[in-house]
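Undergrad: First, the structure itself, so that you have it in front of you.
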């Protein structure tokens with residue numbers, strides 16, 4: 001899966017990797033982030 | 001989101017902490033909410049879904065940014081189990 005020019009939905013979790021961190025990562029691969037959330041189930 | 005933008009070229013990247021939550025999220029964005037409790041019940045979005053730590057995703061990310069943002073978390077995650085769970089979701093075997 002080539003991320004370049006893809007529209008990314010970043011679904012992060014507080015106990016895993018946060019959405020904002022996923023966004024930074026995929027932008028560096030040339031993708032566009034269209035949704036970025038971090039869930040917390042505590 | 002899918003209704004507004006369409007699903008063409010859309011990819012879901014997860015930051016879930018374990019295999020079970022990865023499977024749940026993965027099924028929700030492919031076959032629809034498996035618990036039939038939420039708004040995505042029965043919604044067959046069939047979006048490609050990967051975890052941020054899967055090698056084919058990680059390899060495309062700037063290594064410095066990956067290490068800074070994900071490196072520490074990756075150490076404590078069971079990335080093998082997560083990869084297996086999402087592989088099953090993508091292959092329709094979950």
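The values are calculated or read from the model by the stated rules, or taken from the named source; none is laboratory data. Bear in mind the structure is a predicted one, so any value in this text is a computation, not a measurement. All Cβ positions, even for glycine, are placed from backbone atoms using ideal geometry, and neighbour counts span all protein chains on display.
Undergrad: Provide a single number: the residues in the range B:22-44 that are assigned to a helix (DSSP H, G or I) and free of Cβ contacts under 8 Å to residues at least 24 places away in the same chain.
TA: 3
Undergrad: Another question about this same structure. Among residues belonging to the range B:3-17 that are assigned to a loop (DSSP other than H, G, I, E, B) and more than 8 Å from every other protein chain (Cβ to nearest Cβ), point out the one that is surrounded by the fewest Cβ atoms within 10 Å (Cβ to Cβ).
TA: Out of the qualifying residues, it is B:8.
Undergrad: For residue A:36, which of the numbered conditions (1) within 7 Å of chain B (Cβ to nearest Cβ); (2) crowded, with 16+ Cβ neighbours inside 10 Å fails to hold?
TA: Here residue A:36 meets the rest and fails (1).
Undergrad: A further question follows. Which of the residues belonging to the range A:22-35 are under 19 Å from residue B:74 (Cβ atoms) and in contact with a strand residue (DSSP E or B) (Cβ under 7 Å, 6 or more places away or on another chain)?
TA: The answer is A:22, A:23, A:26, A:27.
Undergrad: Further question on the same structure: Which number in (1) touching a helix residue (DSSP H, G or I) at 6+ places or on another chain (Cβ under 7 Å); (2) crowded, with 20+ Cβ neighbours inside 10 Å; (3) closer than 19 Å to residue B:17 by Cα marks the one condition that residue A:22 misses?
TA: (1)
Undergrad: Still on this model: Whether any residue in the range B:79-91 is under 26 Å from residue B:6 (Cα atoms), in contact with a helix residue (DSSP H, G or I) (Cβ under 6 Å, 6 or more places away or on another chain) and without any contact (Cβ under 8 Å) to a residue 24 or more places away in the chain is what I want to check.
TA: no
Yes/no matrix, rows are residues, columns are (1) within 11 Å of the chain's Cα centre (by Cα); (2) in a helix (DSSP H, G or I); (3) at pLDDT 95 or above:
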position	(1), (2), (3)
B:46	no, no, no
B:56	no, yes, yes
B:60	no, no, yes
B:65	no, yes, yes
B:68	no, yes, yes
B:75	no, yes, yes
B:83	yes, yes, yes
B:87	yes, yes, yes
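Undergrad: Also, quick follow-up: Residues of the range A:7-18 being at the interface with chain B (Cβ under 7 Å from one of its Cβ atoms) and surrounded by fewer than 21 Cβ atoms within 10 Å (Cβ to Cβ), which ones?
TA: Selection gives A:7, A:15.
Undergrad: Now a separate question. For residue A:30, which of the numbered conditions (1) surrounded by fewer than 16 Cβ atoms within 10 Å (Cβ to Cβ); (2) not in a loop (DSSP other than H, G, I, E, B) fails to hold?
TA: With respect to (1) surrounded by fewer than 16 Cβ atoms within 10 Å (Cβ to Cβ); (2) not in a loop (DSSP other than H, G, I, E, B), residue A:30 is out only on (2).
Undergrad: Is it fair to say residue B:31 is surrounded by 15 or more Cβ atoms within 10 Å (Cβ to Cβ), farther than 20 Å from residue A:8 by Cβ and more than 8 Å from chain A (Cβ to nearest Cβ)?
TA: yes
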